[in-house]
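To start, the structure itself, in C-alpha cells.
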Amino acid sequence: MTELESQSDAEVEHFPIEPRYHPVHKITRKIYDFLASSKLAMCLLVAIVVSCVAGATVFRGARSTEVIFSALWFNGLLILLVVNVACCFFGRIWGRKVTIISFGMILFHLSFVAMFIGIVYNSLFYFRGDMRITEGETLLNSERQSYEGVDRGRFFKLTKLKGLTTFNRLLPGHTIAGVNKRVAYDISVGEGNSITQDIIYLTHNLSYNGFTYLPSTEGYTLLTVLSDKHGNELYGAYVPLQGLKQKDDTFLYTTGTRHGPGTI
C-alpha cells in the first residue's frame, strides 16, 4: 500500500484535483463573458443604428449633434461596442499561433477599434468657432467673446486654445501661379516666439497647434463716425459687414450674423 492510499478521505479533501477559484475570479469571469457576448454586440449594433437613423431623419443638423452624436449615452454605446469587439475577438485568438490569415483579422479588428476610439474622441473633444475679425485687429483665442458662434464637444475647454489671432491685411484679387483666388487673408496665430503667419483663401488653410483656420464668409469694415451739428466728431467705430450669398449668386454686404442680415 502506498503512502497516498494510506491517507484518510478527510486529508484528500484538503488537496482537490481541480483548483478552487476565489469568488473574485468568478465575478471577473462573469464580467468578461458579458462583455464578450454576441447578444450584447447585437443589442449595441441595433441601438446605434436606430440612434443614427433618428439623428439623420428626426433631429438633423446641430440638434442631432447635441441630442445624440455628442451625448454621453451615445458615446458610451460606442465605447461599449469597442470593448465588446476587443473581448470577443482578441480573447479567442489569445495564445494561438499567428498566421497570415489571423494577422489580417487582427489588423482589421485593431483598425475597427482605433476608428471608433477616434470617433468617440472627436465627438467629445471637437471645436468649431466663427471668429469675426477686422483688418488690423487682434483677438485672444481662449476668450469666448472672440467668437461669434461656438460649437464644441462636451469635454472641450477653451483654455486649450492658446495665443492670439491677428488679421494683418486683406489681399483682394490675390493670385497664385496666375490663378485669381479672389480674396485672401494674411493672418498670424500664436504667442510669444511661436508665431505662425500665412495667407489663407478658399482652397488654402492655416494649421496651428492642431487647429485649422479657414475663411468662412467675407465682408468689409466701415468706419462710422458720429458728429454734432458743428462737425465735431463725437464717436467713431468700425462696423463689420459680411457677405451673404444671394440666390442670383451675388453678395449682399450687411450687418447681422451668418444666418441673416441685421440693422444698425
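The values are calculated or read from the model by the stated rules, or taken from the named source; none is laboratory data. Remember, it's a predicted structure, so these values are computed and weren't measured experimentally. Using ideal geometry, Cβ is built from the backbone for each residue, glycine included, and neighbour counts are taken over all protein chains shown. These area figures cover heavy atoms from the full protein model, side chains too; ligands, DNA and RNA do not enter into them. Shrake-Rupley method; radii C 1.70, N 1.55, O 1.52, S 1.80 Å.
What is the one condition in (1) touching a residue at least 40 places away in the same chain (Cβ under 8 Å); (2) not in a strand (DSSP E or B) that P215 does not satisfy?
The single condition P215 does not satisfy is (1).
For a quick check of your reading of the model, give me the residue pairs whose first member lies in region 109-132 and is in a helix (DSSP H, G or I), whose second is surrounded by 15 or more Cβ atoms within 10 Å (Cβ to Cβ) and aromatic (F, W, Y), with beta-carbon atoms closer than 7 Å and at least 6 apart or on different chains.
These pairs meet every condition: H109/F89; S123/F69; F125/F156.
Would you be able to tell me the number of residues in region 218-257 that are open to solvent by 70 Å² or more (accessible area, probe 1.4 Å) and within 30 Å of the chain's Cα centre (by Cα)?
Residues that pass the stated criteria total 1.
Which ones in region 129-154 are surrounded by fewer than 13 Cβ atoms within 10 Å (Cβ to Cβ) and not small (G, A, S)?
Passing the criteria: T138, E143, R144, Q145.
Name every residue in region 98-108 that is open to solvent by 90 Å² or more (accessible area, probe 1.4 Å) and assigned to a helix (DSSP H, G or I), in order of residue number.
I100, I101, F103, L107, F108
Of all residues in region 155-203 being touching a Ser or Thr at 6+ places or on another chain (Cβ under 6 Å) and not polar (S, T, N, Q), which is surrounded by the fewest Cβ atoms within 10 Å (Cβ to Cβ)?
Of everything passing the filter in region 155-203, I195 is surrounded by the fewest Cβ atoms within 10 Å (Cβ to Cβ).
The rows are residues; the columns are (1) at pLDDT below 90; (2) among the aromatic types (F, W, Y); (3) closer than 29 Å to V120 by Cβ.
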residue	(1), (2), (3)
R152	yes, no, yes
K160	yes, no, yes
L170	yes, no, no
A177	yes, no, no
A184	no, no, no
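It is to be established whether one or more residues within region 20-35 are open to solvent by less than 60 Å² (accessible area, probe 1.4 Å) and modelled with pLDDT of 80 or more.
yes
Taking the stated definitions as given, is N75 open to solvent by less than 80 Å² (accessible area, probe 1.4 Å), touching a residue at least 40 places away in the same chain (Cβ under 8 Å) and either under 30 Å from G190 (Cβ atoms) or in contact with a Ser or Thr (Cβ under 7 Å, 6 or more places away or on another chain) (or both)?
Answer is yes for this residue.
Which residue out of V50, V46, V85 is more than 20 Å from R154 (Cβ to Cβ), part of a helix (DSSP H, G or I) and open to solvent by less than 50 Å² (accessible area, probe 1.4 Å)?
V85
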